[in-house]
1. Regarding segment A:61-77, can at least one residue be identified that is within 16 Å of ligand 1 (Cβ to nearest atom) and surrounded by 15 or more Cβ atoms within 10 Å (Cβ to Cβ)?
2. Is there a residue in segment A:213-228 that is under 25 Å from A:VAL37 (Cα atoms), of a type in the set (Val, Ile, Thr) and within 14 Å of chain B (Cβ to nearest Cβ)?
3. So, of the residues in segment A:195-206 that are surrounded by 15 or more Cβ atoms within 10 Å (Cβ to Cβ) and not acidic (Asp, Glu), which turns out to be farthest from the chain's Cα centre (by Cα)?
4. When you scan segment A:57-70, do you find a residue that is near ligand 2 (Cβ under 10 Å from one of its atoms) and either outside any strand (DSSP E or B) or of a type in the set (Ser, Thr, Tyr) (or both), even just one?
5. For segment B:40-76, how many residues are surrounded by 13 or more Cβ atoms within 10 Å (Cβ to Cβ) and within 30 Å of B:ARG25 (Cβ to Cβ)?
6. Restricting attention to segment A:125-148, and to residues there that are under 17 Å from the mean Cα position of the chain (by Cα) and β-branched (Val, Ile, Thr), which single residue is nearest to ligand 1 (Cβ to nearest atom)?
7. Can you report the number of residues in segment A:21-56 which are in a helix (DSSP H, G or I), within 16 Å of ligand 2 (Cβ to nearest atom) and not hydroxyl-bearing (Ser, Thr, Tyr)?
8. List, please: which pairs have Cβ atoms under 6 Å, are six or more places apart or on different chains, and start with a residue in segment A:110-130 that is more than 22 Å from A:THR143 (Cα to Cα) and end with one that is within 12 Å of ligand 1 (Cβ to nearest atom)?
Amino acid sequence: MGEVIVITSGKGGVGKTTTTANIGTALAALGYKVVLVDTDIGLRNLDVVLGLENRIVYDIVDVTHGHCRMKQALIKDKRFEGLHLLPAAQTKDKTAVTPDQMKELCRDLKKEFDYVIIDCPAGIEQGFKNAIAGAEKAVVVTTPEVSAVRDADRIIGLLEAAELHDPKLIVNRIRPLMVKKGDMMSIEDIIDILAIDLLGVVPEDEMIVVTTNKGEPAVLDNNSRAGQAYRNMARRITGEDVPLMDLQDDTGFINRLKKLIGFK
Amino acid sequence: MLDFLLRVFGRETSSSKNVAKERLRLVLVHDRADMSPQLLQELKEDLIKVISNYMEIDENALEVNLDTSDNSVALVANIPIIRMKRSSNRAEKIG
Ligand SMILES: Nc1ncnc2c1ncn2[C@@H]1O[C@H](COP(=O)(O)OP(=O)(O)OP(=O)(O)O)[C@@H](O)[C@H]1O
Ligand SMILES: [Mg+2]
């Protein structure tokens with residue numbers, strides 16, 4: 001029996017879809033059977049980040065309404081045997097799926113997959129309620145900004161109210177140099193405020209833009225710092241004890257030099 | 001310039017990160033103080049229980065609210081007293 005994990009944030013644009021795509025791909029690369037579910041109905045994105053947009057025939061609404069069988073809607077990734085996507089519907093609205101339908105869907109999926117990872121839409125409305133309905137664990141993504149942390153706090157409260165206890169935190173887009181200068185909240189600051197456990201930290205990384213352009217998640221690129229962070233998180237999800245990587249280090253000149261001459 | 005010097009000499013208090021933290025702290029006091037009516041009702045009932053050990057109060061006129069102002073949140077209660085209890089009476093109740 002697999003595990004259903006929802007990736008949420010409250011605030012939009014902080015990196016939920018990027019996180020879902022990368023952790024999912026990393027888990028598949030470790031040999032697990034993974035399905036990524038896009039619940040952002042009307043604003044389908046996960047397909048593009050994964051580079052699977054041209055292969056969509058059916059979507060989540062077709063499945064929950066019985067227009068097709070589950071198997072027909074799942075898109076199988078060609079790079080990793082175990083990786084699958086259940087795309088969101090693009091033309092319907094958020095109310096096209098109900099929390100009860102989501103629960104049933106997740107129940108079915110976790111019979112077949114080791115990990116069911118749900119990409120939640122921004123906000124706290126129906127789309128959020130749908131996304132968390134069938135989940136057993138939650139991950140909250142934030143960036144080191146006042147508004148994002150505030151929304152994360154709200155989401156943590158709502159998850160608690162929905163009996164999704166003990167959510168894990170991802171801090172995305174950290175810029176170590178700014179933290180050092182005192183111009184960005186540090187991981188410790190954010191954990192201190194939100195009081196939940198950390199799943200991982202992702203540095204600001206231009207490679208995210210490059211890899212997203214190509215539809216190849218950053219975890220596939222061994223030079224991407226963000227990719228490394230996501231690979232570590234995937235291993236933590238499987239229960240492995242992986243230390244946080246040193247973010248400070250690699251921004252240094254010497255390290256960049258080392259990388260250039262193939263030392264890393 | 002002063003700001004720059006302060007930063008160079010390690011006076012962290014002026015850094016924008018600390019401003020962010022302080023703003024967050026305040027905004028979250030407000031956000032989290034957004035108690036549900038149900039929770040407020042439970043608080044009221046508990047208050048009545050405790051206070052009744054000391055005095056007789058008008059339960060129907062009792063008011064308990066969260067009062068939020070710019071930089072603080074207070075629990076404000078207005079509890080009309082009907083009669084004080086005698087101390088012997090009280091000892092009995094608590095004892
Ligand atoms: N660590 C990072 N470094 C650089 N860019 C990033 C990073 N993480 C995310 N981004 C960029 O930020 C943008 C928003 O990311 P993403 O779509 O994953 O957010 P989201 O939370 O899913 O948004 P929405 O709420 O709209 O669904 C994307 O353009 C993405 O490439
Ligand atoms: Mg998204």
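1. no
2. Looking for residues that are under 25 Å from A:VAL37 (Cα atoms), of a type in the set (Val, Ile, Thr) and within 14 Å of chain B (Cβ to nearest Cβ), one finds none in segment A:213-228, hence no.
3. Applying the filter and picking the extreme gives A:ILE196.
4. No: zero hits.
5. 9
6. That would be A:VAL141.
7. Total satisfying the criteria: 10.
8. The qualifying pairs are A:ASN130/A:THR39.
Every read-out reported here was derived from the displayed coordinates using simple, explicitly stated rules and does not represent laboratory data. From a predicted model like this one, the values you see are computed outputs, not experimental measurements. Positions of Cβ are backbone-derived with ideal geometry, glycine not excepted, and every protein chain shown enters the neighbour counts.
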